[in-house]
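Input: a single structure, listed below in structure tokens.
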Amino acid sequence: MSRRYLPKVITANALIEGDVVYMTAKGMWSRCLRDAEILSDEADAQIRLIDASAQSKDVVGVYLSDVEPGPNGAEPVHFREDFRRTGPSNYPHGKQEGQAHV
């Protein structure tokens, strides 16, 4: 019995800032998960991962992350990825601080 392939996105951390970034369909890095290319083919995902990993001047820790397609793009499947996307909430700065004024 074959396993079902879960859609994935390529994620990493920006080398200089450390921010979480996602690979777009155009091969660029975005800090927004909604911009990430959703990869539904396992072979294509592996090839794109190799290409992304070669960008060592821009990013570190490149890997594939499971997602579910949602109305606004990819949505993380695992808590860890949701936490990475929003960042720690115990600091009065960064990603969480920017959302407090909305």
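In the range 28-48, is there at least one residue being crowded, with 18+ Cβ neighbours inside 10 Å and part of a loop (DSSP other than H, G, I, E, B)?
yes
For the range 73-102, filtered to residues that are modelled with pLDDT of 90 or more and assigned to a loop (DSSP other than H, G, I, E, B), the residue that is most open to solvent (accessible area, probe 1.4 Å) is 78. Would you please list the contacts, defined by Cβ atoms under 8 Å and residues six or more apart or on different chains, that run from a residue in the range 16-42 that is farther than 15 Å from residue 57 by Cα to a residue that is assigned to a loop (DSSP other than H, G, I, E, B) and aromatic (Phe, Trp, Tyr)? Every condition considered, the pairs that remain are 40/5; 41/5; 42/5.
Tell me, please, whether a residue that is of a type in the set (S, T, N, Q), more than 9 Å from the chain's Cα centre (by Cα) and within 19 Å of residue 83 (Cα to Cα) can be found in the range 48-62. No, the range 48-62 contains no residue that is of a type in the set (S, T, N, Q), more than 9 Å from the chain's Cα centre (by Cα) and within 19 Å of residue 83 (Cα to Cα). Entry remark, the range 30-65: residues being more than 15 Å from residue 20 (Cα to Cα), touching a Pro at 6+ places or on another chain (Cβ under 8 Å) and of a type outside the set (A, V, I, L, M) number 1 in total.
The values are calculated or read from the model by the stated rules, or taken from the named source; none is laboratory data. Worth saying up front: this structure is predicted, and the values here are computed from it rather than measured. Because the Cβ atoms are built from the backbone with ideal geometry, glycine has one as well, and the counts that use them run over all protein chains shown. Protein only, heavy atoms only, side chains kept; ligands, DNA and RNA dropped before computing areas. Shrake-Rupley method; radii C 1.70, N 1.55, O 1.52, S 1.80 Å.
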